[in-house]
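Asks: One structure, as structure tokens, below. Some questions next.
Computed from the coordinates by the stated procedures, all read-outs in this text should not be read as laboratory data. Source: prediction; values computed, not measured.
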Amino acid sequence: MGRAFFGFTVCLIGLVLAPAARACGPEVVIRFFDSAPDIFIIENKSQEPWTLLTLEFRTKSSAGHVVFDTDFGGAGASEPQQFEPVEGEVGLMSAPVVADGAEELSLSFANFERGREFTFSIDLDDRLPMSDMGQAYVTGEEIQGTTVLGLLTHPQIGEAKARGTFGADGKAHLRGATCV
């Protein structure tokens, strides 16, 4: 029993003193804020020199069945807004044309390097028949489940995909591989 206890103690000390695993690979954080118009803030938080190339937002699996409201009298509730860059020079290739009622939005970038941030606005409405705050107001719980797919590149490693899903807090964390 003494040897077993000694072995267990050595393992426990090794776990406590071992360096913590750190995230590596691509990491992108996206925050959603309901306002007039709605705001998305994208941050390339990669620790290594990963450059974000593309992002694809897919709202089909969102809890509130959210859609992009880009035209009057269409699929949205009120106050439509087309895609509009707000802040951050990251080499947006071109502003996407988003159809009214669309459930997808794709963005392409030329130099969205680590440490950079990009903000854009567009109107997003939920499609719930009994929405708590009305269909024009999208909560974190209603955007929850929206998936975002990213493609990034690293000068030595090449391309990698990252994927994330919006939570009830209105945030999506896209991550690639991890290492120790």
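Asks: Taking the alpha carbon gyration tensor of the range 23-179, what are the square roots of 5 times its eigenvalues, largest first, to the nearest whole Å?
Replies: 28, 16, 12
Asks: Amide H to amide H under 5 Å from Gln81: which residues, 5+ apart in sequence or cross-chain, H placed 1.01 Å off N in plane?
Replies: Answer set, sorted by chain and number: Asp69, Thr70, Asp71, Asp123.
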